[in-house]
Amino acid sequence: MTSISQIAKHLLRPFILTVICFLIFNFSAALHKLKLTIQGIAYLIFCKDKSWPKQSDPKIFFQNIKDQNSNVVKKTIIFVRHGESTWNDTFNKGHRSLGIFVLGFLPGLIKACIYEFYLVLAGKIDSWFYDSPLSLLGLEQVQSLASFMKQSPNRLFTKNRDPAEKLILEILRKDPSAPDSILVSSSLRRAISTMAASFQDRLLKNPNESIVVLPCLQEISRNPDTLSITPPKTNVTPSWIEAAYPDVDFKAIFATQVDMNLHFGNKPIDTNGYKRMKEFCTFAFNSIDEEFIIVGGHSIWFRSFFKEFLPRDSNHVSKKKKVVNCGAVSFSLCKIYDDNGGTDRFMVDEDSIRVVYGGFQ
């Protein structure tokens, strides 16, 4: 009787040959994944994205922030965190209890690796791990945010609520009476997809509007899920999950209403999160005309931003906890020119921070 080991030995050679044939047939996609793998390993070893020199307390440059006659310039920023990703689903506990997460971790990891192997063989520019896309739960979270924005601001916010919250919802919806705003996003797929799906109604009503992709918003981490899989100045491709999702036409939005002109590829390996946050602040004031900027991005980037640009003596929750998946938080970002340092200084006005949807956890 033939043993199991003998059967496996006989099957191994045709299996390897089949894999090689698939890789040769889909050589360009396999080569792109190989480059990403090498880049991912290099980032894990050499990247210092979370390390930067200690910065000055922004408060010392903004002594008269409430003075209307001061030289302080302000913009309103609305952070929108992406929905849960496939990476989150595999490696983060998330909404699950610790016991459920521990029991399901190994089976979930095996499932993720099988998917990754299939995507390589199928020649798809896609990945479970690299630039991880929205998971099914992430798509549900995005739709919940979209449903929130479909509600009438007048019905949602009563007289007892802060009128500024009503204005923010009108801005998110791009109501005719609302001031001009712009949609920008990280270059990572889960952030772009969250913006595309959450603001689908807004984009449909305004076909000339685009989501502007800004590489400076790329997440702060050395993990492979923070590396962009999309080649420079190339349209984003819907993930296998998004392609099968019936409620949003990701392909059409990515092709016509996502501006990739500023996407020059991945963050440099010698950069750090602070440089990108400072770059965003400069871009917001110097290159964007709109006063209201809606930012699709990531939890660590957002938390780091509040840590750096809130006063050091601030104990605001945003410095310690993350914005929830698909949460939206608005605030005023202030700028003043420092004559002594010869540069612009930035600070978040703590009193202006408002939870629009979701909150922190």
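The values are calculated or read from the model by the stated rules, or taken from the named source; none is laboratory data. A quick note: this is a predicted structure, and the numbers were derived from the prediction, not measured. All Cβ positions, glycine included, derive from the backbone under ideal geometry; neighbour counts span all protein chains shown. Just the protein is used for accessible areas: all its heavy atoms, side chains included, with ligands, DNA and RNA removed. Shrake-Rupley method; radii C 1.70, N 1.55, O 1.52, S 1.80 Å.
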TODO: Find the helices (runs of 4 or more DSSP H) located wholly in region 75-192 whose residues include 1 or more that are over 23 Å from S332 (Cβ atoms) and out of contact with any Cys (no Cβ under 9 Å at 6 or more places or on another chain), and list them.
DONE: 86-91, 98-121, 136-150, 153-156
Open item on the list: Go through (1) open to solvent by less than 60 Å² (accessible area, probe 1.4 Å); (2) among the charged types (D, E, K, R); (3) within 21 Å of E291 (Cα to Cα) for R189 and report which single condition fails.
Closed with: (3)
Task: All positions within region 320-343 that are out of contact with any Asp or Glu (no Cβ under 9 Å at 6 or more places or on another chain) and modelled with pLDDT of 95 or more - done: K320, K321, K322, V323, V324, G327, A328, V329
TODO: Can you work out which of the residues in region 95-136 that are within 30 Å of I171 (Cβ to Cβ) and either open to solvent by 50 Å² or more (accessible area, probe 1.4 Å) or charged (D, E, K, R) (or both) is nearest to the chain's Cα centre (by Cα)?
DONE: D131
Open item on the list: Condition first: open to solvent by less than 60 Å² (accessible area, probe 1.4 Å) and over 16 Å from the mean Cα position of the chain (by Cα). Now tell me which residues in region 145-157 satisfy that.
Closed with: A146, F148, M149, S152, P153, L156, F157
- [ ] Say whether the condition of being within 30 Å of L137 (Cα to Cα) and either of a type in the set (S, T, N, Q) or open to solvent by less than 30 Å² (accessible area, probe 1.4 Å) (or both) is met by at least one residue in region 338-349.
- [x] no
Task: Filter pass, S228 being buried (at least 20 other Cβ atoms within 10 Å of the Cβ), part of a helix (DSSP H, G or I) and of a type in the set (S, T, N, Q) - done: no
Task: Members of region 249-288 that are farther than 16 Å from M195 by Cβ, open to solvent by 50 Å² or more (accessible area, probe 1.4 Å) and not polar (S, T, N, Q) - done: F264, P268, I269, D270, K275, K278, E279, F283
- [ ] Return the pairs, sorted by first residue and then second, in which the second residue is at pLDDT 90 or above and open to solvent by 80 Å² or more (accessible area, probe 1.4 Å), the first residue lies in region 41-52 and is part of a loop (DSSP other than H, G, I, E, B) and of a type in the set (D, E), the beta carbons are less than 9 Å apart, and the residues are 6+ apart or on different chains.
- [x] D49/R222
Open item on the list: List the residue pairs whose Cβ atoms are under 7 Å apart, where the first residue sits in region 201-216 and is over 21 Å from F302 (Cβ atoms) and open to solvent by 30 Å² or more (accessible area, probe 1.4 Å), the second is assigned to a loop (DSSP other than H, G, I, E, B) and of a type outside the set (S, T, Y), and the two are 6 or more positions apart or on different chains.
Closed with: N206/K174; S210/Q257
Open item on the list: What are the pairs with Cβ atoms under 7 angstrom where one residue, in region 244-255, is free of Cβ contacts under 8 Å to residues at least 24 places away in the same chain and in a loop (DSSP other than H, G, I, E, B) and the other, located anywhere, is of a type in the set (V, I, T) and buried (at least 18 other Cβ atoms within 10 Å of the Cβ)? Sequence gap at least six, or different chains.
Closed with: none
